[in-house]
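Taking it in order: structure first as structure tokens, then the write-up.
Nothing in this text is a laboratory measurement; each read-out follows from the coordinates by a stated rule. Keep in mind that what you see is a predicted model, and the values were worked out from it rather than measured. Here the Cβ positions follow ideal geometry from the backbone for every residue, glycine too, while neighbour counts run over all protein chains shown.
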Amino acid sequence: MKQSIDDIFSISSNDDFLRLALKVYHYQKEHCSIYGDYIRSIGKDEPKTLEEIPFLPISFFKSHVVKDDSKETQLIFRSSGTGGERSQHHIADTKLYERSFNQTYDQLIGNPADQVILALLPNYLEQGESSLIYMVDHLIKRTGNKLSGFFLNNHESLLNAYREAILEGKHVVIFGVSYALLDLTELKPDLSNATIIETGGMKGRRKELTKSELHEALRKGLNCTKIASEYGMTELLSQAYSISNEIFVPAKTMRILIREVNDPFSYVEQGKTGGINVIDLANLHSCSFIETQDLGRENSKGFEVMGRFDQSDIRGCNLMVV
């Protein structure tokens, strides 16, 4: 198993990814009983391509324990669950999660040792058991800087930390849930030297906006030319980031497939909107093949998130109403 984990984080080609995805599929079919039962119930087996792999509906993380039966749970992450029941993700190996988010963050955002990281994630802190808080807390510790930290609702303290960090010559990264960043714009701060990473979600606090509307409001209100985004969720151990153009670049451990809205076993052409299926090989000890309730489309550089299916739970993670 250790060799498989090393392989997952050393993927260098599409052929590598397909080979490992099929290997993980066969492992999870035997060791994750819920996923194995689902495969048998739909009568689809022995895939040879990524598109032929069965994807587990994400709702199973609410109704069942989706985990490797041979592993003990070390930690449980729960979704924000705004307006409904919280999904839960049983984590058998926290070090695997850390390896996943550290590799992707370093590759796409930068080395935390060169940064000051400020987090404006009040609802996640209040509810607890958040995979996002776990990740950001770990990244904050990697900065080794006393200015880095979480700011519940104290915007002035965050702005003071930002200004001190700039005087120290540090690059500042601000993680923020959408509604809290919009609250921050009311102070009209000058954050032109920061990288703003919005993590989505109005949580019922504000009117839902399209991604473009949100980013335009943040650019104007925070005096930033670029707004980045993080695409992640409780049920995933890998993330994708958009740096400035709303096009998400997935982790090397991830692949995105866009399915037909009315046929979960068929896929659309590139550029067409459909449901997002995620392959997350870092989910080795739960399920790596997840049918989300997000709408999106692929292009040659990555993928866009367009919104959510009707009647889906309102959640965070960059999901705006179109």
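For Leu75, the residues whose amide H sits under 5 Å from its own are Ile91, ignoring neighbours fewer than 5 places away on the same chain, with H placed 1.01 Å from N.
With bins 5 Å wide beginning at 0, the percent of Cα pairs of the stretch 2-42 falling in each bin runs 6, 23, 25, 19, 14, 11, 3. Per-residue 3J(HN,Hα) values for the stretch 221-236, derived from phi via the Karplus relation 6.51 cos²θ - 1.76 cosθ + 1.60 with θ = phi - 60°, read x, 10, 6, 10, 7, 10, 10, 8, 9, 10, 10, x, 7, 3, 7, 10 Hz in sequence order (x marks Gly and Pro). Couplings 3J(HN,Hα) of the stretch 240-250, computed from phi: 10, 10, 9, 8, 7, 10, 6, 9, 7, 9, x Hz, in residue order, whole Hz [Karplus 6.51 cos²θ - 1.76 cosθ + 1.60, θ = phi - 60°; x for Gly and Pro]. For the chain, the longest principal axis of the C-alpha atoms and the axis of helix 155-167 are separated by about 80°. Listed by chain and number, the lysines placed with their C-alpha closer than 22 angstrom to that of Lys71 are Lys2, Lys23, Lys29, Lys62, Lys95; residues fewer than eight positions away on the same chain are left out.
The relative contact order of the chain, computed from alpha carbon pairs under 8 Å that lie at least 6 residues apart in sequence, is 18 percent.
List the GluC sites (Glu not before Pro) within the stretch 42-138 that fall in a DSSP loop (any state other than H, G, I, E or B) and whose Cβ has at most 14 other Cβ atoms within 10 Å. Don't skip to the answer; put the middle values down first.
Values: sites: Glu51, Glu52, Glu72, Glu85, Glu98, Glu126, Glu129; in loops: Glu72, Glu85, Glu129.
When the GluC sites (Glu not before Pro) of the stretch 42-138 are filtered for loop state and at most 14 Cβ neighbours within 10 Å, Glu72, Glu85 remain.
Full extension of the chain between Phe309 and Asp16 yields a length gain of 102.3 nm, computed as 0.36 nm times the residue separation minus the alpha carbon distance.
Fewest neighbouring Cβ atoms within 10 Å first, the residues Ser288, Ser33, Ser242 line up as Ser33, Ser242, Ser288.
Size descriptor for the chain, Kirkwood hydrodynamic radius: 20.0 Å (Cα pairs only, one decimal).
Is it possible to state the helix-based mean residue ellipticity at 222 nm for the chain, with each DSSP H run of 4+ residues giving -39500 (n - 2.57), the sum divided by total residues, to the nearest 500 deg cm²/dmol? What is it? Before the final figure, lay out each step's value.
Details: 10 runs with 106 residues, N = 322.
Result for the chain, helices only: -10000 deg cm²/dmol.
Each 5 Å bin from zero holds the following percent of Cα-Cα pairs in the stretch 34-181: 2, 8, 14, 15, 16, 14, 11, 8, 6, 4, 2, 1, 0.
Given the chain, what percent of its DSSP beta bridges are antiparallel, to the nearest 5?
Working: 28 of 46 bridges.
About 60 percent, rounded to the nearest 5.
Here, the stretch 221-310 has an Rg and a Dmax of 13.5, 44 Å when only alpha carbons are counted. Cross-link reach is defined here as a Cα-Cα straight distance under 29 Å, omitting same-chain residues fewer than 8 places apart; for Lys226 the lysines meeting it are Lys141, Lys146, Lys170, Lys188, Lys203, Lys207, Lys211, Lys252, Lys272, Lys301.
Helix 14-31 axis versus longest C-alpha principal axis of the chain: approximately 70°, rounded to the nearest ten.
Expressed in nm², what is the orientationally averaged projection area of the convex hull enclosing the Cα positions of the stretch 97-247?
On the way: hull surface 32.8 nm².
One quarter of the hull surface, i.e. the mean projection, equals 8.2 nm².
Could you list Ile166, Ile109, Ile276 in order of exposure, starting from the residue whose Cβ has the fewest other Cβ atoms within 10 Å?
Values: Ile166 16, Ile109 20, Ile276 26.
Ranking Ile166, Ile109, Ile276 by Cβ neighbours within 10 Å, fewest first, gives Ile166, Ile109, Ile276.
Quick one: of the DSSP bridges fully inside the stretch 97-247, what percent are antiparallel, nearest 5? Walk me through the numbers on the way to the answer.
On the way: 3 of 19 bridges.
Antiparallel bridges make up about 15 percent of those DSSP assigns within the stretch 97-247.
Rounded to the nearest 10 degrees, the angle from helix 131-143 to the longest Cα principal axis of the chain is 50 degrees. Computed from phi, the 3J(HN,Hα) profile of the stretch 265-271 under the Karplus parametrisation 6.51, -1.76, 1.60 (θ = phi - 60°) reads 9, 10, 10, 8, 6, 4, x Hz, with x in place of Gly and Pro. Under a 5 Å amide H cut-off, with hydrogens placed 1.01 Å from N, Ile196 pairs with Ile174, Ala228 among residues at least 5 apart or on other chains.
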